[in-house]
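Some notes on the structure that comes next.
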Amino acid sequence: MRTLVIGGTQFMGRTIVERLLARGHDVAVVHRRDHHDLAPEVRNLQADRADLAAISDLLKRERADVVFDLAYDWEKGTPASQVEVAARSCGDRLQRYVFMSSIAAYGPGLAHRESDPLAPEGVPNPYVDHKASAERALFRMHEASGFPVVTFRPPYVHGPRQPFDREQFFWDRLRDGRAIVLPDGGDAPTQWAYVEDVAEACVRAIEVPDAVGQAFNVAHVEPMTQRTFVEALAGIAGIEPTFVSVSRRAIAAAGGQLVGDRLYFGEYLDIPPHSEVVEKAPRVLGVHPTPFATALRAGFAWYLAQPRRTRDYTFEDRLIAQA
């Protein structure tokens with residue numbers, strides 16, 4: 001099939017592109033640059049998805065059978081209006097529009113199912129608002145005309161080519177003999193998804209007729225807290241971890257950040273807990289979660305092949321000293 005991936009050059013996008021090529025599909029990627037470092041047979045289409053006229057013209061010309069919409073602008077945001085323009089520009093050949101949403105679209109809470117309501121319009125967090133609103137717009141299109149949408153709602157995604165400072169945040173500290181700061185003891189639930197599982201589910205969604213009009217949770221199913229997540233990372237690295245519990249109140253008072261120079265627990269990894277039930281994707285798509293330890297080993301092998309980054313532990317030293 002003629003497939004097009006909006007945002008296909010990084011992490012989840014690259015993994016999806018690799019699977020599409022392995023299955024013999026014609027693949028193009030849309031991104032802001034005039035070149036990519038993917039396989040030479042992948043066609044390069046240059047556009048900024050925020051330029052609505054440009055992205056609309058490109059999609060109308062391309063007339064793809066399948067579109068994967070993965071791009072999100074972390075600086076400016078990607079509101080539902082941009083997603084809807086892209087979706088409405090795809091043409092009458094379209095067989096699937098696969099949209100990468102997020103567990104964040106539910107809002108905080110545990111054991112979310114796909115039938116649960118999404119976060120309401122206008123919530124203060126732009127990312128939550130954008131993902132939930134985009135899904136609502138796409139499913140309205142499906143209800144009105146049969147638009148062939150499929151959405152995915154993974155939690156934190158891990159694995160090779162991780163673009164955020166997440167697994168490597170902890171592996172660097174473990175290998176440097178550092179104690180890991182646990183906010184309020186690290187008892188908060190957390191849930192992760194393996195990038196290969198997410199990619200396989202996305203590609204299966206274009207192969208399974210019953211996927212149309214559906215949302216899917218995709219994630220590991222092992223129960224996990226912030227502490228047991230770090231313990232799992234340490235186990236893969238063969239290092240015995242040490243921890244220091246610091247109250248969130250003390251972290252906030254010291255200026256701790258979810259992203260930036262005063263990071264204390266990986267990027268965006270200390271937000272109110274979200275978790276989901278993973279039952280429909282295995283049943284409908286035939287995609288079963290990879291065991292967490294098996295998936296972590298693949299991520300650790302990639303991590304070891306990367307240059308070590310220079311770390312400044314000054315802020316964490318202050319937190320640990322106060323604790």
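The numbers here are math on the coordinates, done by the rules we state, and not lab data. Remember, it's a predicted structure, so these values are computed and weren't measured experimentally. When we count neighbours, we look across all protein chains shown, and the Cβ atoms used for this are built from the backbone with ideal geometry, even at glycine.
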If you find the alpha carbon centre of the stretch 107-184 and of the stretch 249-273, how far apart are they in angstrom? 18
Most exposed first by the Cβ proxy, i.e. fewest other Cβ within 10 Å, how do D51, D197 rank? D51, D197
Pair T314, A301: separation of 7 Å Cα→Cβ label points (nm): 3.9
Work out the length of the dipole vector of the chain about its Cα centre, built from +1 on the beta-carbon of each Lys and Arg and -1 on the beta-carbon of each Asp and Glu, and round it to the nearest 20 debye. 280
Based on other C-beta atoms within 10 Å, arrange E167, E18, E62 from fewest to most. E18, E62, E167
At q = 0.08, 0.12 1/Å the base-10 log of I(q)/I(0) from the Debye formula over the alpha-carbon atoms of the chain is -0.38, -0.85
Output ordering of 155-165, 105-115, 206-216 (per-residue mean of other Cβ within 10 Å, highest first) is 155-165, 206-216, 105-115
Share antiparallel - DSSP beta bridges, the chain, percent rounded to 5: 5
Listing D92, D57 from the residue with the fewest other Cβ atoms within 10 Å to the one with the most, what is the order? D92, D57
Diffusion coefficient in µm²/s returned for the stretch 189-242 by Stokes-Einstein, Kirkwood Rh over C-alpha pairs, 25 °C and 0.890 mPa s, is 184
Size of charge dipole - the stretch 184-259 - debye, nearest 20, with Cβ of Lys, Arg +1 and Asp, Glu -1, no other charges: 440
